[in-house]
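To start, the structure under review is shown below, and the notes come after it.
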Amino acid sequence: MNGHIPGYWTVEDIERLSHMSIAEVAQQTGYPIEEVMRVRQLVNQRVALTEINRRRGVNWSEGHIALLGTLPDQEIAYLLGCSRQAVTAKRKALNIKPHKRIGLQWTNELILQLGRSSDRQVAEQMGISLRAVLNTRQAQGIKG
């Protein structure tokens with residue numbers, strides 16, 4: 001399995017497809033024949049290696065599963081090199097609730113800043129999005 005990383009297709013694996021039979025590639029990489037055939041079709045369609053690995057999905061290790069619900073699905077997908085849909089499906093299959101970012105608690109002192117400074121200044125000062133400041137200001141009935 002020289003040049004092969006279990007769970008991911010490498011450049012060397014793709015090169016094998018050009019000069020070896022599907023059975024030989026399957027034997028050398030450890031992938032099932034169906035997977036090798038699928039990837040050969042993608043290569044023939046000129047699909048990029050990163051996209052091939054993304055479409056393949058994830059071999060869910062305990063470490064991968066431990067991430068579910070601790071970060072937004074999109075961030076986990078980026079870390080694992082797969083689609084957000086794959087992460088969401090796995091999280092739901094395991095009945096793990098999605099990650100919720102803890103929002104800013106708007107104190108009276110913070111609310112008093114709204115309308116006195118520009119929304120942009122308040123957002124930068126507080127380290128939050130301009131949209132969050134705008135929404136809160138409007139919800140409080142404070143003119144900008």
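What follows draws every value from the coordinates through simple rules; no lab data is involved. Here the structure is a predicted model, which means the values were calculated and not measured. Note that we place each Cβ from the backbone using ideal geometry, even for glycine, and neighbour counts take in every protein chain shown.
Numbers for the structure displayed
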{"read-out": "Positions within the range 117-144 being touching a strand residue (DSSP E or B) at 6+ places or on another chain (Cβ under 9 Å) and within 13 Å of TRP106 (Cα to Cα), in sequence order", "value": "VAL122, VAL133, THR136, ARG137, GLN140"}
{"read-out": "Evaluation of ARG46 against (1) on the phi < 0 side of the Ramachandran plot; (2) part of a loop (DSSP other than H, G, I, E, B); (3) free of Cβ contacts under 8 Å to residues at least 24 places away in the same chain (one fails), failing number", "value": "(1)"}
{"read-out": "Selection count where residues are hydrophobic (A, V, I, L, M, F, W, C) and in a helix (DSSP H, G or I), scope the range 134-144", "value": "2"}
{"read-out": "Residue selected from the range 31-41 under the condition surrounded by 12 or more Cβ atoms within 10 Å (Cβ to Cβ) and of a type outside the set (Lys, Arg), by the criterion farthest from ILE52 (Cα to Cα)", "value": "ILE33"}
{"read-out": "Positions within the range 87-144 being polar (S, T, N, Q) and either within 21 Å of GLN74 (Cβ to Cβ) or in contact (Cβ under 8 Å) with a residue 40 or more places away in the chain (or both), in sequence order", "value": "THR88, ASN95, SER129"}
{"read-out": "Subset of the range 18-30 [outside any loop (DSSP other than H, G, I, E, B) and either touching a strand residue (DSSP E or B) at 6+ places or on another chain (Cβ under 9 Å) or surrounded by fewer than 16 Cβ atoms within 10 Å (Cβ to Cβ) (or both)]", "value": "SER18, HIS19, ALA23, GLU24, GLN27"}
